[in-house]
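Readers should treat all values here as calculations from the given coordinates under stated rules, not as data from a laboratory. All figures in this text were calculated on a predicted structure; none of them were measured in a lab. Neighbour counts are summed over all protein chains in view; Cβ atoms, including those assigned to glycine, are modelled from backbone coordinates with ideal geometry.
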Ligand code: NDP
């Protein structure tokens with residue numbers, strides 16, 4: 001009885017957070033969104049545009065970014081532009097932040113959302129792949145944060161880190177990806193402490209997402225995961241909302257993520273069994 005009650009209480013806390021959200025909070029704000037050419041990042045760009053924010057979008061595929069920028073301008077963005085390149089390189093990560101500095105002379109919100117391609121399969125021992133994914137999914141987040149911090153301190157802005165339930169609870173077939181997401185929690189939670197100790201008024205919001213219906217996610221995992229994915233449009237809005245409210249953590253969808261996180265500490269073996277039973281393991285073809 002206690003666990004669901006506690007879960008409900010925490011879900012309400014994480015979901016609603018302090019204060020009330022108004023879309024006006026984003027009007028005129030200068031926001032970088034990474035991984036904005038598709039999926040949740042693309043949807044965040046559209047919400048921000050509709051709210052009247054300035055957006056700087058990034059990913060590798062220029063043609064897709066151009067289309068997203070055009071749509072953002074149609075939706076009412078205060079301004080919209082893109083920089084294309086790969087986050088495998090920390091130099092590129094820094095270049096994106098530099099672009100914001102040159103264009104806007106400041107920054108209010110940094111939304112770190114991109115991920116490099118990985119496999120949904122048994123770990124094949126490819127250490128280079130783990131290193132590359134760490135660079136793309138983790139190190140570039142660190143590099144962008146370091147470069148953006150002077151501007152974020154000035155604006156008393158926000159860092160929004162898009163993570164996953166795989167960064168709280170490991171499941172099979174995601175070893176490299178899961179490692180990068182666990183790393184994000186360790187790094188950004190430590191940094192949050194230091195901000196508080198040093199009175200740095202920059203918020204850090206960690207977004208713990210369950211299965212979301214982006215094209216890439218559905219293509220990669222739908223043959224194995226039994227549950228239905230949650231909508232990317234609503235997910236994107238919740239991420240922006242939690243960042244604007246300076247919440248510590250977002251759980252989306254809360255009905256799945258919050259109980260899972262709670263069970264991790266109360267009943268880890270039971271949870272691991274549940275995780276495996278939610279997968280059609282027979283659909284993973286062993287190499
Ligand atoms: P998508 O695969 O739809 O989008 C990934 C984005 O990252 C694209 O814009 C892609 O653009 C960009 N990208 C890929 N490789 C690189 C690279 N090397 N350098 C720079 N950009 C790159 O992802 P989702 O929208 O599904 O996921 C967004 C976030 O949500 C991620 O952090 C993910 O971990 C998290 N999440 C998603 C879940 C889901 O079920 N969808 C579940 C849990 C968490 P391009 O290819 O043009 O570079």
Inset, instruction - Compute the length gained on full extension between residue 67 and residue 99: take 0.36 nm times their separation in residues and subtract their Cα-Cα distance, giving the result in nm to one decimal. - result: 9.6 nm
Inset, instruction - With no solvent and one equal point scatterer per Cα, compute the Debye intensity ratio I(q)/I(0) for the range 28-136 at 0.10, 0.21 Å⁻¹ and report its log10, rounded to two decimals. - result: -0.30, -1.04
Inset, instruction - Mind telling me which of 64, 29, 232 comes out most flexible in a GNM of the chain, alpha-carbon contacts under 10 Å? - result: 64
Legend entry - the chain - mean residue ellipticity at 222 nm from DSSP helices (-39,500 (n - 2.57) per run, n ≥ 4, rounded to 500): -16000 deg cm²/dmol
Inset, instruction - Please give the peptides 103-109, 30-36, 249-255, 73-79 ranked by average Cβ packing (other Cβ atoms within 10 Å per residue), highest first, as a rough proxy for protection. - result: 30-36, 249-255, 103-109, 73-79
Inset, instruction - Please express the Cα-Cα pair-distance distribution P(r) of the range 189-279 as a list of whole percents, one per 5 Å bin, running from 0 to the bin with the greatest distance. - result: 3, 12, 17, 19, 17, 15, 10, 5, 2, 0
Legend entry - Among 133, 152, 263: highest mean-square fluctuation, GNM of the chain, C-alpha pairs under 10 Å: 263
Legend entry - Relative contact order (%) - criterion: Cα under 8 Å, at least six apart; region: the range 77-155: 48
Legend entry - Mean shadow area of the chain, taken as a quarter of the surface of its Cα convex hull (nm²): 15.0
Inset, instruction - State, to one decimal in nm, how far the label point of residue 272 lies from the label point of residue 196, with both points 7 Å from Cα in the Cβ direction. - result: 3.1
Legend entry - Normalised contact order of the chain, rounded percent, pairs of Cα under 8 Å and 6 or more residues apart: 20
Legend entry - Residues of the range 40-56 with amide N under 20 Å of a point placed 7 Å along Cα→Cβ from residue 154: 53-56
